[in-house]
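Everything below concerns the one structure shown next.
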Ligand SMILES: [Zn+2]
């Protein structure tokens, strides 16, 4: 089953900004701040997905898209089984009501919340303006339906896209081949496109 859906978002307004900046920044550039062995590193935990969530089998592929050594990127993400040491937690929101109370778009499948070095958290493109610009923690919230109306590939793309937000990426223009376009288009696969690789190199440099 393939359908165009609102994938996720930091916020939909970003496309207005995209054409005026070099890479796809939020309202203020934000960067991941934790480095391990010369690479910016996310420790990703998904214990807080619901126990039968179909996202559980998608996360490995989503992380691999960012870790392909041939891309020569200065970022990496890996699984961390402990929520006490993880720096990115992927969480199923328990109910539609909670989703609404969090202020999330009912049509979105996932939302990323970034937390900076001052413990300030934000979920919108504009929210970045008040941040230190240095991100130390992120939560990826998935809708209570846990992506059950999507196929495997869409779930993988959804998580890979959210990881992109965790790195500080905003949305790419709709005409581009990029993991960072939103809403989802069928042509987008769970991999980084040259556009995404260039953005990450602009943000973080090369190893
Ligand atoms: Zn998005």
May I ask you to verify whether residue 193 is free of Cβ contacts under 8 Å to residues at least 24 places away in the same chain, in contact with a helix residue (DSSP H, G or I) (Cβ under 9 Å, 6 or more places away or on another chain), surrounded by fewer than 22 Cβ atoms within 10 Å (Cβ to Cβ) and more than 23 Å from residue 36 (Cβ to Cβ)?
no
Evaluation of residue 195 against (1) at pLDDT 95 or above; (2) within 15 Å of the ligand (Cβ to nearest atom) (one fails), failing number
(1)
The residue from 205, 168 that alone is over 13 Å from residue 110 (Cβ atoms) and in contact with a strand residue (DSSP E or B) (Cβ under 7 Å, 6 or more places away or on another chain) is 168
Please count how many residues of region 167-176 are at pLDDT 95 or above and either within 25 Å of residue 97 (Cα to Cα) or more than 11 Å from the ligand (Cβ to nearest atom) (or both).
2
Here's a check for you: in region 13-35, which residue that is at pLDDT 90 or above and over 14 Å from the mean Cα position of the chain (by Cα) is surrounded by the fewest Cβ atoms within 10 Å (Cβ to Cβ)?
35
Being closer than 20 Å to residue 65 by Cβ, in contact (Cβ under 8 Å) with a residue 24 or more places away in the chain and either over 17 Å from the mean Cα position of the chain (by Cα) or in a loop (DSSP other than H, G, I, E, B) (or both): is that true of residue 186 here?
yes
Those residues that are surrounded by fewer than 21 Cβ atoms within 10 Å (Cβ to Cβ), out of contact with any helix residue (DSSP H, G or I) (no Cβ under 9 Å at 6 or more places or on another chain) and within 21 Å of residue 99 (Cβ to Cβ), I need them from region 146-161; list them, please.
149
Residue 66 fails exactly one of the following numbered conditions: (1) in contact with a strand residue (DSSP E or B) (Cβ under 8 Å, 6 or more places away or on another chain); (2) farther than 17 Å from residue 136 by Cα; (3) modelled with pLDDT of 95 or more; (4) surrounded by fewer than 17 Cβ atoms within 10 Å (Cβ to Cβ). What is the number of that condition?
(4)
So, in region 72-127, how many residues would count as being more than 14 Å from the ligand (Cβ to nearest atom), farther than 24 Å from residue 202 by Cα and in contact with a helix residue (DSSP H, G or I) (Cβ under 6 Å, 6 or more places away or on another chain)?
1
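The values are calculated or read from the model by the stated rules, or taken from the named source; none is laboratory data. All of these numbers come straight from a predicted model, not from anything done at the bench. No Cβ is skipped: glycine too gets one built from the backbone with ideal geometry, and neighbour counts run over all protein chains shown.
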